[in-house]
1. Quick check on the range A:3-25: of everything there that is at pLDDT below 90 and within 14 Å of DNA strand D (Cβ to nearest atom), which residue is nearest to B:E84 (Cα to Cα)?
2. Which residues, counting only those in the range B:5-23, are touching a residue at least 60 places away in the same chain (Cβ under 8 Å) and surrounded by fewer than 23 Cβ atoms within 10 Å (Cβ to Cβ)?
3. I'm trying to understand the selection: among the residues of the range B:37-95, which are within 10 Å of DNA strand C (Cβ to nearest atom), farther than 17 Å from B:L9 by Cβ and in a helix (DSSP H, G or I)?
4. Would you please name the residue that is nearest to DNA strand D (Cβ to nearest atom), looking only at residues in the range A:53-67 that are under 21 Å from A:I7 (Cβ atoms) and touching a strand residue (DSSP E or B) at 6+ places or on another chain (Cβ under 8 Å)?
5. Taking A:H81 as meeting all but one of (1) free of Cβ contacts under 8 Å to residues at least 24 places away in the same chain; (2) of a type outside the set (A, V, I, L, M, F, W, C); (3) facing chain B (nearest Cβ under 7 Å), write down the number of the exception.
Protein chains: 2
Amino acid sequence: MKEGPHIALIASLIGDPARANMLTALIGNRALTASELAHEAGVTLQTASFHLGKLEQGSLICPRKQGRHKYFALAGDEVAHALEALMGIAANAGHLRIRPGPKDVALRQARVCYNHLAGEMATRLFDSMISRRFLSVEGEDVFLTTAGARFVRNFGIELDALPAKRPPLCRQCLDWSERRFHLGGSLGRAILAHIVELGWAKREQNTRALVFSRRGQALWVELTAER
Amino acid sequence: MKEGPHIALIASLIGDPARANMLTALIGNRALTASELAHEAGVTLQTASFHLGKLEQGSLICPRKQGRHKYFALAGDEVAHALEALMGIAANAGHLRIRPGPKDVALRQARVCYNHLAGEMATRLFDSMISRRFLSVEGEDVFLTTAGARFVRNFGIELDALPAKRPPLCRQCLDWSERRFHLGGSLGRAILAHIVELGWAKREQNTRALVFSRRGQALWVELTAER
DNA sequence: TTCATACTTCGATGCTAGTCGAACCATTTG
DNA sequence: CAAATGGTTCGACTAGCATCGAAGTATGAA
């Protein structure tokens, strides 16, 4: 490939269908094996291995070896963010203007973005916490207020157990389906884990969609009401 | 190209060096002719025409004819946003960790992001307006407060002359060099135009860098101080 | 009107990148 | 230990894409 701006290299890595499918499969903060990714991409293992090498070379993914299994995960949430931005172009260009089907409705409602909750369910949490002064926004920085800390403790999150250093406790993350923000950071991650632990929602095998149970959704809606 | 997720198509369009150079040239919200873009890309006019057709087909750019001249601009700020997100990957992967030279310092300080100011100068404005309660953030929505309206009027922006409908008056836009937000929307656009009109800064011909004069910078720093 | 300039389209060319079979290495299991 | 499984590397092949010369269309200027 001819010399060009660095974004050309990154974009060309994403621009191959097999690799794009792999990256998409990894958005939900899953670490998948090379074999699983080969299956996601619909290519042979050797082709997948070749592609994974390129993605790793380009710093889009990170490998982790466990015995004979080798797991790959996105290198960071900048990658997830860029993938979502690319999806945003599709959305804005009208390619996704017509809602394709139930599965995409599910993605719009709740899905995993890297390691935290995204979609309508997520943005309503963020909005609710802003309006109830549980979160305070200053520029990019998002802080948990004292009232907010009480709120999440009541929800069942052990704040003291969260990583004290990077990633930040709270972080705004742009939600492409809602065009608004949802909560990232270690708190966002903990909330997603807690929702799953409570059985309010569960993850499906081959998708980023997070499926709330009827009861779980009711409880979540109540929790995130803007009172 | 094999069928793949839509982001593969979009990314593959960006992933060609010639096209990436064109898109980069257009980030500064310039509308450039096909000849100018051919020059930016370092290809012949016929090759450029071919590429521009593909970018237009993919809804990344919009053409506008003026006599025998045909101008192309980015299709919208989602495109600029995605391009900046791709730059963010490069930055995060350490490819730009070592500051290459004065020009990139200039880009970090002040540059044009589509149609509004970005870089350090821009994020300090956003932060300042947040902390001085000139801007109010609720989720993704950013509102100009009464005090904020007074502030920008004092600065010389005719608020009533701004477009009443889309784009929104205020909009948060992620700044890749600063990893924080700067102000987009029609107000952001107006502010950039006003800075240039006042002579505080000027745009260079072949770059997104916005060069503040010494006086302009001092005035800007004072305006955006967080008092 | 003619000439110059901006841009588009077509066809041919060459290079690159993705693909898979084969062979190999690493780890686990029976 | 051998067999099975997960993964890597190499080589050959081919499809596809970017490129430019040539020819054509559209617009502006003299």
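The values are calculated or read from the model by the stated rules, or taken from the named source; none is laboratory data. Since the structure is predicted, the reported quantities are computational estimates derived from the model, not experimental observations. Counting neighbours? That spans all protein chains shown, and the Cβs are built from the backbone with ideal geometry, glycine included.
1. Applying the filter and picking the extreme gives A:P5.
2. Once the filter is applied, which keeps residues that are touching a residue at least 60 places away in the same chain (Cβ under 8 Å) and surrounded by fewer than 23 Cβ atoms within 10 Å (Cβ to Cβ), the range B:5-23 yields nothing.
3. Within the range B:37-95, B:L37, B:A38, B:H39, B:L45, B:Q46, B:T47, B:A48, B:S49 meet the criteria.
4. Checking each candidate, the answer is A:E56.
5. That leaves (1) as the condition not met.
Table: residues versus (1) modelled with pLDDT under 90; (2) within 11 Å of DNA strand D (Cβ to nearest atom); (3) in the same structural domain as A:L13 (by TED's automatic domain parsing).
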position	(1), (2), (3)
A:I27	yes, no, yes
A:A34	no, yes, yes
A:L37	no, yes, yes
A:E40	yes, no, yes
A:Q46	no, yes, yes
A:S49	no, yes, yes
A:H69	yes, yes, yes
A:A80	yes, no, no
A:G88	yes, no, no
